[in-house]
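Step one of this worksheet: look at the structure below.
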Amino acid sequence: MNFNPTSSQAFMLSGSFMPMLEAHREWRIADSLHFSCWGDEYVVYHALSGDTHLIGKAAAHILMALQQAVTDTQSLSRSLAAMMGVRSSTEFMLEMHRILSDLNKLSLIEHR
Amino acid sequence: MNVAALPLAELECRLNQNGLWLRTGPFVSRIQTTIRSVAADISLLYADYPLEDFGAEAHAFADFHIQIAQPTNLRRWFKPQAMFLFDGASPFKPLPLDQAFPLLEWGLNWCVSAHANDLLIIHAAVIEKNGFAAILPAPPGSGKSTLCAALVQRGWRLLTDELALVRLTDGRLIPLPRPVSLKNQSIDILRDYAPAAVFSRPVSDTLKGTVAHMQPPCNSVARAQEAASAAWVIFPKYQADATTRLEPVSQSRTFMRIADNSFNYSLLGTRGFDTLTKLVGSCLCYDFTYSNLDEAVALFNSLPTDNIPK
(Lines give C-alpha, C1' and ligand atoms only; values in the text may rest on other atoms or scores of the structure.)
Protein backbone atom coordinates (compact mmCIF):
# COMPACT_ATOMS: atom_id res chain seq x y z
CA MET A 1 0.00 0.00 0.00
CA ASN A 2 1.34 3.41 -0.90
CA PHE A 3 1.41 5.95 1.87
CA ASN A 4 -0.14 9.28 0.93
CA PRO A 5 0.44 11.78 3.74
CA THR A 6 -2.09 14.25 2.29
CA SER A 7 -5.05 11.87 2.47
CA SER A 8 -6.83 12.28 5.81
CA GLN A 9 -8.84 9.11 5.23
CA ALA A 10 -5.66 7.16 5.31
CA PHE A 11 -4.94 8.17 8.92
CA MET A 12 -6.15 6.64 12.11
CA LEU A 13 -8.06 8.96 14.45
CA SER A 14 -5.97 8.06 17.46
CA GLY A 15 -3.66 10.99 16.92
CA SER A 16 -0.79 8.91 15.61
CA PHE A 17 -1.41 9.87 11.95
CA MET A 18 -0.54 6.40 10.81
CA PRO A 19 -2.21 4.89 7.76
CA MET A 20 -4.75 2.54 9.33
CA LEU A 21 -3.90 -0.52 7.29
CA GLU A 22 -0.18 0.09 7.64
CA ALA A 23 -0.45 0.34 11.41
CA HIS A 24 -1.44 -3.28 11.80
CA ARG A 25 0.67 -4.68 9.04
CA GLU A 26 3.21 -7.07 10.41
CA TRP A 27 6.89 -7.12 9.68
CA ARG A 28 9.40 -9.86 10.01
CA ILE A 29 13.17 -9.76 9.88
CA ALA A 30 15.23 -11.38 7.12
CA ASP A 31 17.11 -14.56 7.93
CA SER A 32 20.81 -14.61 8.63
CA LEU A 33 21.50 -11.10 9.89
CA HIS A 34 24.62 -10.46 11.96
CA PHE A 35 25.21 -7.31 14.00
CA SER A 36 28.20 -5.42 15.30
CA CYS A 37 27.62 -2.37 17.46
CA TRP A 38 29.87 0.52 18.33
CA GLY A 39 28.21 3.37 20.21
CA ASP A 40 25.07 4.49 18.37
CA GLU A 41 26.09 2.94 15.06
CA TYR A 42 25.57 -0.62 13.94
CA VAL A 43 27.01 -2.66 11.11
CA VAL A 44 24.63 -5.31 9.80
CA TYR A 45 25.74 -8.19 7.63
CA HIS A 46 23.08 -10.01 5.63
CA ALA A 47 24.55 -13.43 4.95
CA LEU A 48 22.00 -14.34 2.26
CA SER A 49 22.74 -11.29 0.08
CA GLY A 50 26.35 -10.79 1.21
CA ASP A 51 25.59 -7.10 1.74
CA THR A 52 26.88 -5.07 4.68
CA HIS A 53 25.03 -1.98 5.89
CA LEU A 54 25.79 0.84 8.31
CA ILE A 55 22.65 1.74 10.24
CA GLY A 56 21.70 4.04 13.09
CA LYS A 57 20.29 3.36 16.52
CA ALA A 58 16.61 3.62 15.51
CA ALA A 59 16.89 1.19 12.60
CA ALA A 60 18.91 -1.16 14.78
CA HIS A 61 16.23 -1.02 17.49
CA ILE A 62 13.59 -2.01 14.94
CA LEU A 63 15.67 -4.92 13.69
CA MET A 64 16.38 -6.11 17.23
CA ALA A 65 12.69 -5.91 18.08
CA LEU A 66 11.84 -7.94 15.00
CA GLN A 67 14.48 -10.47 15.94
CA GLN A 68 12.38 -11.20 19.04
CA ALA A 69 9.06 -11.60 17.21
CA VAL A 70 7.00 -10.66 14.18
CA THR A 71 5.59 -7.22 15.05
CA ASP A 72 3.22 -4.72 13.48
CA THR A 73 4.10 -1.14 12.62
CA GLN A 74 2.14 0.34 15.50
CA SER A 75 3.88 -1.79 18.11
CA LEU A 76 7.25 -1.06 16.59
CA SER A 77 6.45 2.65 16.73
CA ARG A 78 5.51 2.50 20.39
CA SER A 79 8.63 0.55 21.21
CA LEU A 80 10.89 2.93 19.30
CA ALA A 81 9.23 6.02 20.81
CA ALA A 82 9.74 4.59 24.29
CA MET A 83 13.38 3.79 23.60
CA MET A 84 14.02 7.28 22.26
CA GLY A 85 11.93 8.96 24.96
CA VAL A 86 9.74 10.86 22.48
CA ARG A 87 6.00 11.16 21.80
CA SER A 88 4.59 9.56 18.70
CA SER A 89 4.11 12.72 16.62
CA THR A 90 3.38 13.04 12.92
CA GLU A 91 7.00 13.78 12.28
CA PHE A 92 8.00 10.72 14.28
CA MET A 93 5.62 8.51 12.30
CA LEU A 94 6.90 9.81 8.99
CA GLU A 95 10.42 9.03 10.09
CA MET A 96 9.28 5.59 11.25
CA HIS A 97 7.80 4.88 7.84
CA ARG A 98 10.95 6.07 6.14
CA ILE A 99 13.10 3.73 8.21
CA LEU A 100 10.79 0.77 7.62
CA SER A 101 10.72 1.52 3.92
CA ASP A 102 14.52 1.74 3.78
CA LEU A 103 14.97 -1.51 5.69
CA ASN A 104 12.45 -3.16 3.39
CA LYS A 105 14.27 -1.90 0.28
CA LEU A 106 17.51 -3.30 1.68
CA SER A 107 15.72 -6.66 2.13
CA LEU A 108 16.50 -6.61 5.84
CA ILE A 109 12.79 -6.78 6.71
CA GLU A 110 9.69 -7.82 4.83
CA HIS A 111 5.94 -7.86 5.29
CA ARG A 112 4.63 -11.04 6.77
CA MET B 1 70.22 -19.83 3.48
CA ASN B 2 69.40 -16.31 2.27
CA VAL B 3 69.37 -14.95 -1.28
CA ALA B 4 72.49 -12.92 -0.42
CA ALA B 5 74.44 -16.17 -0.02
CA LEU B 6 74.08 -16.84 -3.74
CA PRO B 7 76.55 -15.11 -6.09
CA LEU B 8 74.63 -13.40 -8.89
CA ALA B 9 75.78 -16.01 -11.42
CA GLU B 10 74.44 -18.82 -9.23
CA LEU B 11 71.18 -16.93 -8.66
CA GLU B 12 70.75 -16.45 -12.42
CA CYS B 13 71.49 -20.13 -12.96
CA ARG B 14 68.78 -21.20 -10.50
CA LEU B 15 66.26 -18.77 -11.98
CA ASN B 16 67.07 -20.08 -15.47
CA GLN B 17 66.68 -23.71 -14.53
CA ASN B 18 64.54 -25.24 -11.76
CA GLY B 19 63.76 -21.89 -10.21
CA LEU B 20 64.28 -20.02 -6.97
CA TRP B 21 62.10 -21.09 -4.04
CA LEU B 22 61.70 -17.76 -2.27
CA ARG B 23 59.88 -17.44 1.05
CA THR B 24 57.98 -14.20 1.66
CA GLY B 25 55.98 -14.33 4.88
CA PRO B 26 53.68 -17.37 4.84
CA PHE B 27 54.17 -18.08 1.13
CA VAL B 28 56.79 -19.83 -0.94
CA SER B 29 57.07 -18.73 -4.56
CA ARG B 30 58.94 -20.68 -7.16
CA ILE B 31 60.31 -18.07 -9.55
CA GLN B 32 61.82 -18.78 -12.94
CA THR B 33 63.17 -16.25 -15.40
CA THR B 34 65.88 -15.80 -17.98
CA ILE B 35 65.69 -12.00 -17.76
CA ARG B 36 68.90 -10.80 -16.18
CA SER B 37 67.53 -7.50 -14.86
CA VAL B 38 64.99 -9.46 -12.81
CA ALA B 39 67.75 -11.59 -11.35
CA ALA B 40 69.74 -8.46 -10.50
CA ASP B 41 66.77 -6.81 -8.76
CA ILE B 42 65.96 -10.00 -6.82
CA SER B 43 69.60 -10.12 -5.73
CA LEU B 44 69.42 -6.47 -4.63
CA LEU B 45 66.01 -6.25 -2.95
CA TYR B 46 65.53 -9.80 -1.65
CA ALA B 47 69.06 -10.22 -0.32
CA ASP B 48 67.88 -10.92 3.25
CA TYR B 49 65.10 -13.34 2.31
CA PRO B 50 65.31 -17.02 3.14
CA LEU B 51 65.42 -19.55 0.37
CA GLU B 52 63.58 -22.78 0.68
CA ASP B 53 66.61 -24.63 -0.56
CA PHE B 54 65.07 -26.96 -3.11
CA GLY B 55 67.32 -25.83 -5.92
CA ALA B 56 67.94 -29.32 -7.17
CA GLU B 57 64.37 -30.54 -6.80
CA ALA B 58 61.93 -29.58 -9.51
CA HIS B 59 58.88 -30.91 -7.65
CA ALA B 60 59.22 -29.39 -4.18
CA PHE B 61 56.19 -27.57 -2.83
CA ALA B 62 55.57 -23.93 -3.64
CA ASP B 63 52.38 -21.91 -3.16
CA PHE B 64 52.91 -20.04 -6.41
CA HIS B 65 54.74 -21.18 -9.55
CA ILE B 66 55.78 -18.06 -11.42
CA GLN B 67 57.72 -17.29 -14.58
CA ILE B 68 58.74 -13.93 -15.97
CA ALA B 69 59.31 -14.81 -19.60
CA GLN B 70 59.85 -13.06 -22.89
CA PRO B 71 57.17 -13.71 -25.53
CA THR B 72 58.63 -15.40 -28.58
CA ASN B 73 56.70 -13.34 -31.12
CA LEU B 74 58.15 -11.07 -33.80
CA ARG B 75 57.85 -8.09 -31.49
CA ARG B 76 60.81 -9.39 -29.48
CA TRP B 77 63.17 -8.09 -32.18
CA PHE B 78 62.10 -4.45 -32.05
CA LYS B 79 60.02 -3.98 -28.87
CA PRO B 80 60.88 -6.75 -26.40
CA GLN B 81 58.36 -7.57 -23.72
CA ALA B 82 58.05 -9.45 -20.45
CA MET B 83 55.10 -11.61 -19.48
CA PHE B 84 53.96 -12.97 -16.15
CA LEU B 85 53.06 -16.66 -16.09
CA PHE B 86 51.24 -18.33 -13.23
CA ASP B 87 51.10 -22.12 -13.43
CA GLY B 88 52.13 -21.68 -17.05
CA ALA B 89 49.21 -19.38 -17.93
CA SER B 90 49.36 -15.63 -18.46
CA PRO B 91 46.69 -13.73 -16.52
CA PHE B 92 47.91 -10.31 -17.73
CA LYS B 93 48.99 -8.71 -20.97
CA PRO B 94 52.78 -8.49 -21.49
CA LEU B 95 54.57 -5.28 -20.55
CA PRO B 96 57.73 -3.67 -21.96
CA LEU B 97 60.81 -5.66 -20.98
CA ASP B 98 62.05 -2.72 -18.93
CA GLN B 99 59.12 -3.33 -16.56
CA ALA B 100 59.97 -6.98 -15.94
CA PHE B 101 60.79 -6.58 -12.23
CA PRO B 102 57.77 -4.38 -11.40
CA LEU B 103 55.71 -6.99 -13.26
CA LEU B 104 57.09 -9.69 -10.96
CA GLU B 105 56.15 -7.57 -7.91
CA TRP B 106 52.64 -6.84 -9.19
CA GLY B 107 52.24 -10.49 -10.12
CA LEU B 108 53.28 -11.63 -6.63
CA ASN B 109 50.66 -9.28 -5.17
CA TRP B 110 48.06 -10.77 -7.49
CA CYS B 111 49.04 -14.31 -6.48
CA VAL B 112 48.32 -13.51 -2.84
CA SER B 113 45.22 -11.36 -3.32
CA ALA B 114 43.61 -13.83 -5.72
CA HIS B 115 44.39 -17.05 -3.89
CA ALA B 116 45.02 -16.65 -0.15
CA ASN B 117 41.39 -16.89 0.89
CA ASP B 118 42.13 -18.52 4.22
CA LEU B 119 42.99 -14.95 5.33
CA LEU B 120 41.12 -11.66 5.21
CA ILE B 121 43.13 -9.52 2.78
CA ILE B 122 42.94 -5.74 3.02
CA HIS B 123 44.55 -3.27 0.64
CA ALA B 124 46.65 -1.62 3.33
CA ALA B 125 50.14 -1.18 4.69
CA VAL B 126 50.89 -2.51 8.17
CA ILE B 127 53.71 -1.39 10.43
CA GLU B 128 54.45 -2.30 14.04
CA LYS B 129 56.39 -0.98 17.00
CA ASN B 130 56.64 -2.26 20.58
CA GLY B 131 53.99 -4.90 19.87
CA PHE B 132 51.38 -2.46 18.53
CA ALA B 133 50.53 -2.59 14.83
CA ALA B 134 48.97 0.17 12.75
CA ILE B 135 46.91 -0.69 9.67
CA LEU B 136 47.04 1.99 6.96
CA PRO B 137 44.28 1.32 4.42
CA ALA B 138 44.12 3.75 1.55
CA PRO B 139 43.48 3.98 -2.17
CA PRO B 140 46.38 4.58 -4.59
CA GLY B 141 47.70 8.13 -4.50
CA SER B 142 46.97 8.70 -0.82
CA GLY B 143 50.60 8.61 0.24
CA LYS B 144 50.27 5.28 2.03
CA SER B 145 53.48 3.74 0.68
CA THR B 146 55.48 6.93 1.17
CA LEU B 147 54.41 7.14 4.80
CA CYS B 148 54.98 3.42 5.31
CA ALA B 149 58.48 3.63 3.81
CA ALA B 150 59.38 6.60 6.02
CA LEU B 151 58.13 4.84 9.16
CA VAL B 152 60.09 1.64 8.49
CA GLN B 153 63.20 3.76 7.87
CA ARG B 154 62.70 5.23 11.35
CA GLY B 155 62.42 2.02 13.33
CA TRP B 156 58.94 0.68 12.69
CA ARG B 157 58.72 -2.95 11.58
CA LEU B 158 57.32 -3.53 8.09
CA LEU B 159 54.62 -6.17 7.96
CA THR B 160 53.41 -5.18 4.53
CA ASP B 161 53.29 -2.26 2.16
CA GLU B 162 50.30 -3.47 0.16
CA LEU B 163 48.42 -6.51 1.46
CA ALA B 164 47.35 -6.69 5.10
CA LEU B 165 46.75 -10.35 5.95
CA VAL B 166 44.35 -10.92 8.85
CA ARG B 167 44.15 -14.40 10.36
CA LEU B 168 40.53 -15.54 10.54
CA THR B 169 40.94 -17.47 13.77
CA ASP B 170 42.19 -14.67 16.00
CA GLY B 171 42.31 -11.44 13.95
CA ARG B 172 46.10 -11.17 14.21
CA LEU B 173 48.15 -9.73 11.38
CA ILE B 174 50.44 -12.04 9.40
CA PRO B 175 53.58 -10.34 8.08
CA LEU B 176 54.24 -10.27 4.36
CA PRO B 177 57.26 -7.95 4.18
CA ARG B 178 58.24 -7.31 0.58
CA PRO B 179 59.98 -4.43 -1.21
CA VAL B 180 58.03 -1.18 -0.79
CA SER B 181 56.65 0.17 -4.05
CA LEU B 182 57.19 3.90 -4.54
CA LYS B 183 55.90 6.05 -7.34
CA ASN B 184 56.90 9.29 -9.03
CA GLN B 185 57.94 12.09 -6.61
CA SER B 186 57.89 9.67 -3.65
CA ILE B 187 61.05 8.01 -4.95
CA ASP B 188 63.19 11.13 -4.58
CA ILE B 189 61.44 12.13 -1.36
CA LEU B 190 62.40 8.81 0.22
CA ARG B 191 65.93 8.94 -1.20
CA ASP B 192 66.41 12.28 0.54
CA TYR B 193 64.69 11.08 3.69
CA ALA B 194 66.66 7.85 3.99
CA PRO B 195 69.95 8.15 2.04
CA ALA B 196 71.13 4.74 3.26
CA ALA B 197 68.07 2.91 1.97
CA VAL B 198 68.47 0.63 -1.04
CA PHE B 199 66.28 1.23 -4.09
CA SER B 200 65.84 -0.51 -7.40
CA ARG B 201 66.42 1.43 -10.61
CA PRO B 202 63.37 3.62 -11.32
CA VAL B 203 61.31 2.36 -14.24
CA SER B 204 59.40 5.01 -16.13
CA ASP B 205 56.25 4.95 -18.25
CA THR B 206 54.51 2.19 -16.34
CA LEU B 207 50.75 2.25 -15.78
CA LYS B 208 51.52 3.82 -12.41
CA GLY B 209 54.05 6.33 -13.73
CA THR B 210 57.68 5.94 -12.65
CA VAL B 211 58.11 3.20 -10.06
CA ALA B 212 60.97 2.02 -7.89
CA HIS B 213 61.11 -0.47 -5.04
CA MET B 214 62.78 0.03 -1.69
CA GLN B 215 64.49 -2.86 0.09
CA PRO B 216 62.68 -3.67 3.34
CA PRO B 217 64.69 -3.43 6.57
CA CYS B 218 66.61 -6.61 7.35
CA ASN B 219 65.00 -6.84 10.79
CA SER B 220 61.49 -6.83 9.28
CA VAL B 221 62.42 -9.71 6.99
CA ALA B 222 64.01 -11.65 9.87
CA ARG B 223 60.76 -11.30 11.90
CA ALA B 224 58.48 -12.29 9.04
CA GLN B 225 57.06 -15.22 11.03
CA GLU B 226 55.99 -13.03 13.99
CA ALA B 227 52.31 -12.11 13.82
CA ALA B 228 51.20 -8.82 15.40
CA SER B 229 48.07 -7.45 17.05
CA ALA B 230 46.41 -4.42 15.51
CA ALA B 231 46.11 -1.38 17.75
CA TRP B 232 45.23 1.36 15.28
CA VAL B 233 43.53 1.74 11.92
CA ILE B 234 44.77 4.97 10.37
CA PHE B 235 43.57 6.21 6.98
CA PRO B 236 46.47 8.31 5.65
CA LYS B 237 46.13 11.12 3.17
CA TYR B 238 48.98 13.17 1.82
CA GLN B 239 47.92 16.75 1.14
CA ALA B 240 50.44 19.38 0.05
CA ASP B 241 51.10 21.99 2.75
CA ALA B 242 48.57 20.39 5.11
CA THR B 243 49.04 20.58 8.85
CA THR B 244 49.68 17.17 10.41
CA ARG B 245 46.44 16.10 12.01
CA LEU B 246 44.80 13.01 13.41
CA GLU B 247 41.01 12.90 13.63
CA PRO B 248 38.98 10.09 15.22
CA VAL B 249 36.76 7.95 13.00
CA SER B 250 34.02 5.75 14.46
CA GLN B 251 34.67 2.03 14.45
CA SER B 252 31.52 1.32 12.45
CA ARG B 253 32.57 3.71 9.68
CA THR B 254 36.06 2.25 9.81
CA PHE B 255 34.50 -1.20 9.36
CA MET B 256 32.71 -0.07 6.19
CA ARG B 257 35.80 1.61 4.77
CA ILE B 258 38.00 -1.43 5.41
CA ALA B 259 35.38 -3.72 3.87
CA ASP B 260 35.52 -1.50 0.77
CA ASN B 261 39.32 -1.82 0.75
CA SER B 262 39.31 -5.59 1.15
CA PHE B 263 39.99 -8.05 -1.64
CA ASN B 264 37.95 -10.92 -0.25
CA TYR B 265 35.66 -9.64 2.54
CA SER B 266 32.54 -10.55 0.53
CA LEU B 267 33.96 -13.89 -0.51
CA LEU B 268 34.58 -14.89 3.11
CA GLY B 269 30.96 -14.26 4.11
CA THR B 270 30.22 -14.47 7.82
CA ARG B 271 33.85 -15.31 8.59
CA GLY B 272 34.91 -12.05 6.95
CA PHE B 273 32.33 -10.11 8.96
CA ASP B 274 33.35 -11.75 12.24
CA THR B 275 37.06 -11.27 11.57
CA LEU B 276 36.64 -7.62 10.65
CA THR B 277 34.42 -7.05 13.69
CA LYS B 278 37.13 -8.46 15.92
CA LEU B 279 39.85 -6.47 14.18
CA VAL B 280 38.06 -3.10 14.24
CA GLY B 281 36.84 -3.70 17.77
CA SER B 282 40.44 -3.95 18.98
CA CYS B 283 41.61 -0.71 17.35
CA LEU B 284 41.52 3.04 17.73
CA CYS B 285 40.61 4.52 14.35
CA TYR B 286 41.66 7.78 12.75
CA ASP B 287 41.88 9.84 9.59
CA PHE B 288 45.41 11.15 9.22
CA THR B 289 46.43 14.08 7.03
CA TYR B 290 50.08 14.95 6.52
CA SER B 291 52.52 16.78 4.31
CA ASN B 292 55.74 16.56 6.35
CA LEU B 293 57.30 13.13 6.90
CA ASP B 294 59.23 14.09 10.06
CA GLU B 295 56.06 15.37 11.69
CA ALA B 296 54.16 12.31 10.55
CA VAL B 297 56.73 9.95 12.02
CA ALA B 298 56.83 11.94 15.28
CA LEU B 299 53.06 11.67 15.55
CA PHE B 300 53.12 7.92 14.97
CA ASN B 301 55.83 7.58 17.62
CA SER B 302 53.59 9.39 20.10
CA LEU B 303 50.40 7.40 19.47
CA PRO B 304 48.96 6.51 22.88
CA THR B 305 48.79 2.84 23.79
CA ASP B 306 46.97 3.00 27.13
CA ASN B 307 43.43 3.34 25.74
CA ILE B 308 43.49 0.69 23.02
CA PRO B 309 40.37 -1.51 23.23
CA LYS B 310 41.01 -5.06 24.43
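The values are calculated or read from the model by the stated rules, or taken from the named source; none is laboratory data. On a predicted model such as this, the values are computed, not experimentally measured, just so you know. Counting neighbours? That spans all protein chains shown, and the Cβs are built from the backbone with ideal geometry, glycine included. Remember, those area values only see protein heavy atoms, side chains included, never the ligands or the DNA or RNA. Shrake-Rupley method; radii C 1.70, N 1.55, O 1.52, S 1.80 Å.
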Got at least one residue in region B:6-28 being within 20 Å of B:F199 (Cα to Cα), in contact with a Lys or Arg (Cβ under 6 Å, 6 or more places away or on another chain) and at pLDDT 95 or above?
yes
Do you know which residues across region B:57-112 are of a type in the set (G, A, S), open to solvent by 30 Å² or more (accessible area, probe 1.4 Å) and in a loop (DSSP other than H, G, I, E, B)?
B:A58, B:G88, B:S90
Mind listing just one residue for me: the one in region B:236-266 that is β-branched (V, I, T) and in contact with an Asp or Glu (Cβ under 8 Å, 6 or more places away or on another chain) and, of those, nearest to the other protein chains (Cβ to nearest Cβ)?
B:V249
Restricting attention to region B:166-183, the residues that are open to solvent by 20 Å² or more (accessible area, probe 1.4 Å), part of a strand (DSSP E or B) and farther than 30 Å from B:V203 by Cβ number exactly 1
Among the residues in region B:268-291, are any in the same structural domain as B:A133 (by TED's automatic domain parsing), crowded, with 18+ Cβ neighbours inside 10 Å and under 26 Å from B:L103 (Cα atoms)?
no
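Have a look at B:L165, B:L158, B:L173, B:L104 and point out the one that is at pLDDT 95 or above, at negative phi and not assigned by TED's automatic domain parsing to the domain that holds B:R245.
Matching residue, one of B:L165, B:L158, B:L173, B:L104: B:L104.
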Helices (runs of 4 or more DSSP H) (entirely within region A:20-84) containing at least 1 residues that are surrounded by fewer than 18 Cβ atoms within 10 Å (Cβ to Cβ) and within 14 Å of chain B (Cβ to nearest Cβ)
A:57-68
Residue list for region B:6-31, restricted to those being of a type in the set (S, T, N, Q), within 20 Å of the chain's Cα centre (by Cα) and within 20 Å of B:A69 (Cβ to Cβ)
B:S29
One residue from B:S262, B:S250 being surrounded by 17 or more Cβ atoms within 10 Å (Cβ to Cβ) and modelled with pLDDT of 95 or more:
B:S262
